[in-house]
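Trainee: Have a look at this one before I ask anything.
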Amino acid sequence: MSNKLPEEPKKNLFQEPFQDLFRSINELFQERPVKGVLQSIDDFFTSPFPLSGFPVEFSDSGDNYIITAKLSGIKKEQIDIDILEKYITITVEHKEKVSKEDESQKSIYKKNTLQRSSRTIPLPGPIIEEKINASYEDGLLTITIPKEKGKRLRIE
């Protein structure tokens with residue numbers, strides 16, 4: 001017979017401290033202040049800029065240039081159209097103010113957001129501001145720009 005004692009199963013000396021560390025990290029991320037910050041980060045990445053990059057189409061109908069922009073959920077008062085010599089800029093601005101007060105917990109929650117998005121559309125030629133027409137219905141902005149006809153020169 002052997003005089004060796006049966007060996008005890010070897011314990012990984014590093015296993016327990018790391019388990020405690022991982023457990024502490026998990027508890028940290030489950031606590032309310034950090035969880036709220038993580039939730040706001042998740043909210044940002046799910047919908048960072050709802051207005052950015054709204055779809056705009058430009059078409060030529062013969063006598064007119066037609067610009068259409070899909071702006072669902074936007075009110076007419078939130079839309080601004082700027083006209084320059086050969087450009088039209090559509091700007092959409094959304095402001096939101098939320099304020100909640102809880103007397104029982106003596107807390108105040110305030111949130112102010114401002115989202116602004118714009119698209120600039122270059123036009124092939126100069127435009128006359130007085131002849132431009134814009135309409136907004138069911139989330140679709142339509143801008144009609146009459147083409148300006150220049151003089152024709154006769155070649156001799």
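Trainee: Would the range 107-128 turn up any residue that is exposed (fewer than 10 other Cβ atoms within 10 Å of the Cβ) and at positive phi?
Mentor: no
Trainee: Return the only residue of 81, 90, 74, 143 being outside any strand (DSSP E or B), touching a residue at least 40 places away in the same chain (Cβ under 8 Å) and of a type in the set (A, V, I, L, M).
Mentor: Every option except 74 fails the conditions.
Trainee: Could you tell me which residue of the range 113-130 is nearest to residue 142 (Cα to Cα), considering only residues that are assigned to a strand (DSSP E or B) and aliphatic (A, V, I, L, M)? Reasoning before the result, please.
Mentor: As a first pass, look at the range 113-130 and keep what is assigned to a strand (DSSP E or B): 113-122.
Narrowing further to those that are aliphatic (A, V, I, L, M): 114, 121.
Numbers: 114: 25, 121: 13 Å.
Across the range 113-130, the extreme among qualifying residues is 121.
Trainee: Taking the condition among the β-branched types (Val, Ile, Thr), assigned by TED's automatic domain parsing to the domain that holds residue 62 and either loosely packed, with under 14 Cβ neighbours inside 10 Å or touching an Asp or Glu at 6+ places or on another chain (Cβ under 6 Å) (or both), does residue 155 pass? Write out each step before concluding.
Mentor: Numbers: among the β-branched types (Val, Ile, Thr): yes; assigned by TED's automatic domain parsing to the domain that holds residue 62: no; either loosely packed, with under 14 Cβ neighbours inside 10 Å or touching an Asp or Glu at 6+ places or on another chain (Cβ under 6 Å) (or both): yes.
Considered against the rule, which asks whether it is among the β-branched types (Val, Ile, Thr), assigned by TED's automatic domain parsing to the domain that holds residue 62 and either loosely packed, with under 14 Cβ neighbours inside 10 Å or touching an Asp or Glu at 6+ places or on another chain (Cβ under 6 Å) (or both), residue 155 comes out as no.
Trainee: On to the next question. Looking at (1) in the same structural domain as residue 142 (by TED's automatic domain parsing); (2) at pLDDT below 80, which is the one condition that is false for residue 67?
Mentor: Failed condition: (2).
The values are calculated or read from the model by the stated rules, or taken from the named source; none is laboratory data. Note that the structure is predicted; figures quoted are calculated from it, not measured. Ideal geometry is used to build each Cβ from the backbone, glycine not excepted, and the neighbour counts take in all protein chains shown.
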